[in-house]
Amino acid sequence: MAGHAENEFGQPVGAAVRDWAPVPSPNDDTLAGRYCTLEHLDPDRHADDLYAAYAAAPDARDWTYLPVGPFPTAQSYRAWADAAAESRDPRHYAVVDNVTGRALGTLALMRQDLANGVIEVGFVMFSRALQRTPVSTEAQFLLMRHVFGLGYRRYEWKCDSLNEPSRRTAERLGFTYEGTFRQAVVYKGRNRDTAWFAMTDGDWSSARAAFEEWLDPANFDGAGRQLGPLRRTRL
C-alpha cells in the first residue's frame, strides 16, 4: 500500500513516530491574545459575568446541544461553575474580553490522552456577545496553540451530528470531518449520533498561518467587520 512502510512479514504498518514520549497535561497558564485572554475558570472572578452574558440571550437555544444548562438562576450557574473549576478533565477556561475585562464564555480541554497525545476541545459555552466575533475565533486559536505547543499530535472536536452550527464552526476552524458514531451518547434524555472532527499536528502549521492572517487587525474595517474569511486549511 502506497504511503506505508512494511514490516518483516511484508505487512503494511504505520509510519514510525520517532522519540515519542507522553505529553504533559494542559495547565492553568493564562493564554493571552490580542482580543481576549483565556484564564482558568475561577467562579469568584468569572461566574457573575458569565451568568449575566448567558442570561442576556432571548431564549435558551444555545444550550440545546450542550450536556449542561440552561441555568435558570445565578445560583444554579455558580454551583456548576464551582464544580467545573475543580475539574482537571475537563479543564475549563474562561474567555475574557480584553476591552471590557468581562468573561463572556467558556471552553474546555477534555478526554486527555497523554500517552497518545490526543485531546478534545469541548463544553464550548459562548454567549451571544461572544459568538461570531474576532474574540471567539481567537479563543479557539489560543487553545489550539497551547495544545500543539505542548506536543499533542491530535486535537478533536465532537458534536451532535444534528448540530449544524457546531459542524460549520469545526470546518471553518480547519478541522477535518472523520465520520459519525451512531448512538454514541445519551444526554438530556435524547440519543446523540456524534460527528467527529480532528486536526493533527501536521495540519497545524498551515492552520496557524491562516488564523494569524485572519486575526491581524488589518483584516477588519473600522466597525470590526472582517475583510476576508478564515481560510480553510486542508493538507
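Here are some notes:
- For the chain, the spread of Cα positions along each principal axis, largest first, Å: 64, 46, 32
- Each peptide among 11-17, 194-200 gets the average number of other Cβ atoms lying within 10 Å of its residues, and from highest to lowest they stand as 194-200, 11-17.
- Within-13-Å neighbourhood charge of Pro165 [Cβ basis; K, R +1; D, E -1]: +2
- Peptides 161-171, 217-227, ordered by how many other C-beta atoms sit within 10 Å of their residues on average, highest first, read 161-171, 217-227.
- Fully extended contour minus Cα-Cα distance, from Ala55 to Phe9, at 0.36 nm per residue: 10.3 nm
- Approximate spin-label separation Arg208-Asp221, in nm, with each point projected 7 Å along Cα-to-Cβ: 3.3
- Derived scalar couplings between HN and Hα for region 93-103 equal 10, 8, 9, 9, 5, 5, 7, 8, x, 9, 7 Hz in order, rounded to whole Hz, by the Karplus curve 6.51 cos²θ - 1.76 cosθ + 1.60 (θ = phi - 60°), x for Gly and Pro.
- Peptides 64-74, 141-151 ordered by packing proxy, namely the average of other Cβ atoms within 10 Å per residue, highest first: 141-151, 64-74.
- Between Ser76 and Arg111, the FRET efficiency from the beta-carbon distance, with R0 = 35 Å, is close to 0.85.
- Alpha-carbon centroid distance for the pair region 153-181 / region 188-235, whole angstrom: 11
Every read-out reported here was derived from the displayed coordinates using simple, explicitly stated rules and does not represent laboratory data. For clarity, every value in this text was computed on a predicted model and none was experimentally measured. In this analysis, Cβ positions are derived from the backbone assuming ideal geometry, glycine residues included, and neighbour counts consider all displayed protein chains.
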